[in-house]
Structure formats: structure tokens, C-alpha cells
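Below is one structure, written out as C-alpha cells; the observations come after it.
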Amino acid sequence: MYVAVKGGEKAISQAHKLLAKRRRGDTGLAELSVAQIREQLPLAVDRVMTEGSIHDPELAALAIKQAAGDLVEAIFLLRAYRTTLSRFYVSEAIDTGGMRVERRISATFKDLPGGQVLGSTFDYTHRLLDFRLLAEGDAETSSPTARDSEPEPEPEEEAGPMGRVLQMLEREGLLVPEQDDDQLPADITEVARSYPCDRSARLQSLVRGDEGFLLALAYSTQRGYGRNHPFAGEIRVGEVSLTLIPEELGFPVEIGTLQVTECEMINGFTRLPDGEVKFTRGYGLAFGQSERKSMAMALVDRALQADDYDEERSSPAQQEEFVLSHCDNVEASGFVSHLKLPHYVDFQSELELLRRLQSETDVAQPVEEQA
Amino acid sequence: MNEIEDSRRNWMSVLAQAPAEELVELAEPFLAGAGFTTVRAPQIGLAQVRARMGGTGSRFNLGDVTITRCVVQSAAGHYGHAYIRGRNKPHALRAAQLDALLQEKALRGGIEQQVVAPLRRMQEQKQRQRADETAATRVNFFTLVRGED
């Protein structure tokens, strides 16, 4: 238990001043603007929006600047800001099938309706430091065009609508279908989770969950701790429409678009209660281009469906309460960081106790202790 | 859905998604002389974004998005509404004012032509450019036979 302390105002304000100075760095260099962060560190912005739970690239970039690049701190700042705003509306469910696709790949089918497009990706880069970026003003920024490259042999159904890979399997009866139960989804920002919880509460928690924590859990399932035989059925990144139906208007208005990343995993097949054998599935979705996050989320989503398929919950990634109550990095860093608060009284009492125990032992066994 | 509602949905969407600077500039000639009563001054808040499990299944909450809303009334008595993604109050105010004026038959043609249409073209061009950039990364993988059988 920590106790209230008084004083220190002067030192605290000086410490904050020093933080601002350190954050600014060498004043001989131009100051980084929020717009530069938004435009040039977009993947950091995407992570902060996803885990901070507000889609607003400018605010996320501001938070990153204020946090001096500490993304967990930036996420905390965004969550704190979130509590100052009222929620006016709830959007219609976004339609990722109608996405304006900027990247779409499948590891399960080579040829698919609409084809595969790589978009902007770190995949296939050699992970060698690019020293051209160190020499200022020398970066490649022209748009790629089809004319630049050797024309790829046209896939047969090129430019058709990009049908969902998993729906093709659903139609053939090979995959557990997703059915809309038309229930109002849980909202963990209004009602605290209770266990066991609904999949809608799980997914909402996982979206906000720490990427590193979920990545490690996802990895653990691949290494055998709750193995679920995953294939990346489809990963797509792109813009989806955001539509509201304001009560005062009574009709839907598309007010903008959001970039999201979606991952659909196809997982090991199992015999269902009705006797049929089908592949199972996991789902990941995040704001912006957040591929690692949505893949990890999909793997953990599947691991947490253990009960649905009568699987023994033997590994950490399958333990709903363990995963969901520890995945939020704002809660986690808050509780770990509180150890920095004054625990003087608490510690004094422990110290007293230990000293007393030691002196009692001294009395009981004086000779041996000194030997 | 009636025809007016349909075209209103359309222009509201174009105005909401327009780049703020261009919108303010193009709207200026139409808004300069017009009088409006503010019913709800531009206000920043959140909209909860819903998604579907597996893209097609039951709904769940993905997170929130910042939005700005505004309601004005034109001198002719029309209520103009605006809902935009993000936190730009001047943008929301202009969009609401234009929505009110666009409901007046006499003004609609001019505003459609000089504000809404250019903004729509800008958006379409931007989308086309992104689609072209993406198309250049279209890939056709070949599978190779690996060694023995």
C-alpha cells in the first residue's frame, strides 16, 4: 500500500521542464512537427490509434510527440483524452468485404478472384539498413506504376471483385461459418468484463491489447502451447466506409473512410457436435496498417475458442481470464508503475518485522549464527 | 428513400470527406452573404466503430473515432447538418451551412456545380491514384516443384 506525501512541487515542475528539454533534443536540429510524425511514422500512429482505441491520426501523432516516442505512454495519453469526449453515435458495422483494397494476400490459395496485391509491405525486403535514408533527401518517393515493372502475367480473373477467401470455403461447407446472431455486442468501455465472456467482448479487448503481449501468446500457440494449426487465409489492408445513422436525420450518411487491417486465419479442422468435420477460424482487425497485430489477434482469438470445440484449456493463450485481464498495456503499465509511488510506511512495517524475526533467531541460535 | 434524401446523402458524404481547406475556399462565395442561425455549434465527440467477426458475422466494437457535428438553420428555414470524421470545427460548420443551402432549390444547381462536383472529382482522383499504385503491386506467384516427388 502506498501513502500520500506532501511537498516536492518544485522538484516535480523542474523534472517536467527537464523532460520537455530532453524531448526537444538538440535545438540545432529542426523540431519535429505533429504533421511529420503523422505522415512519416504512420505505422507508429496506427499502433497508437488501435491500442489507444481512438481513430484520429493527428491526435495519435501528437501523443507520440508528447511521449517522446514511447508508444505505450502515447497510448495512455490517447486513452486519457478519450475519457474527456462524449460518444455521440455508434457506427453501422464496417464492411471489410467492400474495402478499397491496398494490400491483399492469401497464403492458402495462389490464384483467387481479384488476385493478390502486395501493396506497401516490409515482406520481401532484405532487412538491410538502407543508408540512402541516412543521406538526407535521397529517398525514393515516386509512385509505383504498372509501367515501371515487367508486366506480371495477368491472372485469369484479374480486377474482379475481391471475394473473401474464407467465404469460398464456407460455401463449400469446409469451414465453420460466421453467423450474425443480431445481438447487441458487449462494450467493455461501459460494462467491465466478467468471465467467461462473450466473443464480442474478447475481440474488443484484443483490439486494444498490447501488440507485444499478443504476439508472444500467438507465437506460443505455434510452438505447441495450445496449437491450433493456422494458415493465413487472407490478410487485407485498405479503406472502409464509415457510416452513421444520426437519429435526427433517420437516414445513413457515409462520413468518411477508415484504413483497417483484417486477418482471417484458417485453423485446424475439428468434428463439430453435428458430426461434420470443418476447419475452424480466428479473426483479427485493427486500425491502420497493423498486420502483425491483426495476425496475432486472430491466433489468440482462435485459441480462446477452446471451449467451443471441447478443447482442453492447457496453455496460457487459451486461458480467457489470464489473456484478457493482462493484455491491456495501459492497465498493466499502470499497476507495474505504481510500485514507484511512496510505499514508505508499508516497507517500514516489513522492515520492522524482518528485524524482529532476525533478532529472535539470533537469541535462539547465537553460536551457530556466528560460526 | 426519396430522391431528395438520396442526393442529400450524397452531397453530405462528399462535403464530409472533402479536404477542409478546399471546402472552405470553394464554399466562400456561397456562404459570404448568407445568414445562418447556429442550432448546435460545432462539437467534437466520438462515434463507436462496429465491425463484424470474420467480416460477415456478429458485430463487435472495434474502437472509437473522433467526429465533429454541427447543425445550423438557413435564413430560408432549412436545417443543415454536418457530421465529419476528425476534429475540424470550421469544416463541420461550412458543411452544415452548405447542407442547409443545398436544400433550397434555387441555390442547389450552383452549389452542386461549383462546390460539390469539384470536391467529388478530387476524391475520385485521389482514389484512382491509390488504386493505380496498388495495382502496380499485383503479383502472380508460381509454385515450383520441390526436389524428389
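Restricting attention to region A:18-32, the residues that are exposed (fewer than 12 other Cβ atoms within 10 Å of the Cβ) and touching a residue at least 12 places away in the same chain (Cβ under 8 Å) total 1.
Step by step: first the residues of region A:266-305, then only those that are among the hydrophobic types (A, V, I, L, M, F, W, C) and more than 29 Å from residue B:48 (Cα to Cα), then the one that is surrounded by the fewest Cβ atoms within 10 Å (Cβ to Cβ). Which residue is that?
The residue in question is A:277.
Could you check region A:178-200 and list, in sequence order, the residues that are facing chain B (nearest Cβ under 8 Å), surrounded by 15 or more Cβ atoms within 10 Å (Cβ to Cβ) and within 15 Å of residue B:57 (Cβ to Cβ)? Matches in region A:178-200: A:178, A:185, A:186, A:199, A:200. All conditions in (1) more than 7 Å from chain A (Cβ to nearest Cβ); (2) of a type in the set (A, V, I, L, M); (3) farther than 14 Å from residue B:100 by Cβ; (4) buried (at least 22 other Cβ atoms within 10 Å of the Cβ) hold for residue B:67, with the sole exception of (1). Given the criteria within 13 Å of chain A (Cβ to nearest Cβ), hydroxyl-bearing (Ser, Thr, Tyr) and surrounded by fewer than 17 Cβ atoms within 10 Å (Cβ to Cβ), does residue B:137 qualify? Taking the combined requirement at face value, the residue does not satisfy it. Of the residues making up region B:77-100, not a single one is more than 17 Å from the chain's Cα centre (by Cα) and among the hydrophobic types (A, V, I, L, M, F, W, C). Condition test on residue A:330, is it under 20 Å from residue A:284 (Cα atoms) and of a type in the set (Val, Ile, Thr)? So residue A:330 fails the test.
The condition (being closer than 21 Å to residue A:83 by Cβ and modelled with pLDDT of 95 or more) is satisfied by just one residue among A:62, A:41: A:62.
Residue-wise test of (1) without any contact (Cβ under 8 Å) to a residue 40 or more places away in the chain; (2) in the same structural domain as residue A:231 (by TED's automatic domain parsing).
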residue	(1), (2)
A:271	yes, yes
A:276	no, yes
A:284	no, yes
A:299	no, yes
A:335	yes, no
A:338	no, no
A:362	yes, no
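What number of residues in region A:9-33 are of a type outside the set (A, V, I, L, M, F, W, C) and in a loop (DSSP other than H, G, I, E, B)? Of the residues in that region, 6 qualify. Residues in region A:100-141 that are of a type in the set (Ser, Thr, Tyr) and under 30 Å from residue A:169 (Cα atoms) were compared, and the one that is farthest from the other protein chains (Cβ to nearest Cβ) is A:108. Take the conditions under 30 Å from residue A:179 (Cα atoms) and either part of a helix (DSSP H, G or I) or more than 19 Å from the chain's Cα centre (by Cα) (or both) and apply them to residue B:33. Does it pass? Judged against the criteria, residue B:33 is not a match. When the residues of region A:33-87 are narrowed to those that are away from chain B (no Cβ under 12 Å), of a type in the set (A, V, I, L, M) and farther than 20 Å from residue A:328 by Cα, which ends up surrounded by the most Cβ atoms within 10 Å (Cβ to Cβ)? Within region A:33-87, the match that is surrounded by the most Cβ atoms within 10 Å (Cβ to Cβ) is A:61.
Let's see how each residue does on (1) in contact (Cβ under 8 Å) with a residue 24 or more places away in the chain; (2) touching a Phe, Trp or Tyr at 6+ places or on another chain (Cβ under 6 Å); (3) outside the structural domain of residue A:316 (by TED's automatic domain parsing); (4) of a type in the set (A, V, I, L, M):
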| position | (1), (2), (3), (4) |
| --- | --- |
| A:193 | yes, no, no, no |
| A:200 | no, yes, no, no |
| A:228 | yes, no, no, no |
| A:234 | yes, no, no, no |
| A:239 | yes, no, no, no |
| A:242 | yes, no, no, yes |
| A:246 | yes, no, no, no |
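The residues of region A:88-100 that are touching a helix residue (DSSP H, G or I) at 6+ places or on another chain (Cβ under 7 Å) and surrounded by fewer than 20 Cβ atoms within 10 Å (Cβ to Cβ), listed by number, are A:97, A:100. Scanning region A:6-57 for residues that are of a type in the set (Ser, Thr, Tyr) and more than 30 Å from residue B:65 (Cα to Cα) yields a count of 2. For residue B:97, the conditions (1) farther than 29 Å from residue A:108 by Cα; (2) within 12 Å of another protein chain (Cβ to nearest Cβ); (3) out of contact with any His (no Cβ under 9 Å at 6 or more places or on another chain) are fulfilled apart from (2).
For residue B:41, indicate whether it is over 15 Å from the mean Cα position of the chain (by Cα), at pLDDT below 95 and more than 12 Å from chain A (Cβ to nearest Cβ). Considered against the rule, which asks whether it is over 15 Å from the mean Cα position of the chain (by Cα), at pLDDT below 95 and more than 12 Å from chain A (Cβ to nearest Cβ), residue B:41 comes out as no.
Only one of (1) small (Gly, Ala, Ser); (2) closer than 24 Å to residue A:175 by Cα; (3) within 12 Å of chain B (Cβ to nearest Cβ); (4) free of Cβ contacts under 8 Å to residues at least 12 places away in the same chain is not met by residue A:250, so which one is it? (2) is the only condition that residue A:250 fails. The combined condition, being more than 30 Å from the chain's Cα centre (by Cα) and not in a helix (DSSP H, G or I), is fulfilled by residue A:6.
Within region A:253-303, take every residue that is β-branched (Val, Ile, Thr) and within 10 Å of chain B (Cβ to nearest Cβ) and give me the one that is farthest from residue A:208 (Cα to Cα).
A:253
The values are calculated or read from the model by the stated rules, or taken from the named source; none is laboratory data. Computed from a predicted structure; not experimentally measured. Using ideal geometry, Cβ is built from the backbone for each residue, glycine included, and neighbour counts are taken over all protein chains shown.
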